[in-house]
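The values are calculated or read from the model by the stated rules, or taken from the named source; none is laboratory data. Only a predicted model underlies this, so the values are computations on that prediction, with no experimental measurement involved. Please note: Cβ atoms are built from the backbone with ideal geometry, for glycine as well, and neighbour counts cover all protein chains shown.
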Amino acid sequence: MKETFSKLMKSKPIIAAVKNIENLDKAIESDCRIIFLLCGNIFNLKEIVEKVHEKKKMIFIHVDLIDGFSKDATALRYIHEQIAPDGIISTKNNQLKAAKDLEMLTVQRLFIIDSLSIQTTVKTSALIKPDAIEIMPGIMPKITKRLSEVIEVPVIVGGLISEREDIEKALESGALGVSTSCKELW
């Protein structure tokens, strides 16, 4: 599965980031092969995942943003066993560790706001060993290049990606994937 994730990002680097359910169908019908789900709840999550899988696409759910689940290992186990997404996204190290223990794919979302957060990103990615990191905001080519040269996992950028030029610069700077909620870019 990890190999599939990397191959998909290399072949189709734009990731549909779905912030509201109204845009889910557009993401499913788009050329994107990977969907980051940034909304949903305990009642609709299984149906969403099944709908995405029917179209042979990968789906990662941002567990910090899903309503109705506690933020612990038991909830992750339930999500893994009963809902079966391809992986999770989280900013929380304990969530990522628990997901790794369940052999789920993980994307560690990190916010880069200063030079200290760059150092922290390098340290935590080495400690957590996610399958990819997503750095935000995604419109920082110099930082993307710097991190992609020192981190051993694929780098995804996201946040404030609104033009094709943003995607091109991110990929030229070493990002393997670009997540965007801008439907026109999917």
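Keeping to the range 32-58, report how many residues are surrounded by fewer than 18 Cβ atoms within 10 Å (Cβ to Cβ) and either on the phi > 0 side of the Ramachandran plot or under 17 Å from the mean Cα position of the chain (by Cα) (or both).
2
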Taking the options Ile59, Ile14, name whichever one is within 24 Å of Val153 (Cβ to Cβ) and touching a residue at least 60 places away in the same chain (Cβ under 8 Å).
Ile14
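Which of the residues spanning the range 81-121 are β-branched (Val, Ile, Thr) and surrounded by fewer than 16 Cβ atoms within 10 Å (Cβ to Cβ)?
Just the residues of the range 81-121 that are β-branched (Val, Ile, Thr), to begin with: 83, 88-89, 91, 106-107, 112-113, 118, 120-121.
Once the filter is applied, which keeps residues that are β-branched (Val, Ile, Thr) and surrounded by fewer than 16 Cβ atoms within 10 Å (Cβ to Cβ), the range 81-121 yields Ile113, Thr120.
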Check off (1) crowded, with 23+ Cβ neighbours inside 10 Å; (2) in a loop (DSSP other than H, G, I, E, B) for Ser179 and give me the number that stays unchecked.
(2)
From Ser115, Ser162, which residue is hydroxyl-bearing (Ser, Thr, Tyr), modelled with pLDDT under 95 and over 12 Å from the mean Cα position of the chain (by Cα)?
Ser115
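May I ask you to list the residues in the range 174-186 that are closer than 17 Å to Ser11 by Cα and either in contact with a helix residue (DSSP H, G or I) (Cβ under 8 Å, 6 or more places away or on another chain) or of a type in the set (A, V, I, L, M) (or both)?
Here is the first cut: in the range 174-186, the ones closer than 17 Å to Ser11 by Cα are 174-180, 185-186.
If the condition is that a residue be closer than 17 Å to Ser11 by Cα and either in contact with a helix residue (DSSP H, G or I) (Cβ under 8 Å, 6 or more places away or on another chain) or of a type in the set (A, V, I, L, M) (or both), then Gly174, Ala175, Leu176, Gly177, Val178, Thr180, Leu185, Trp186 are the ones that fit.
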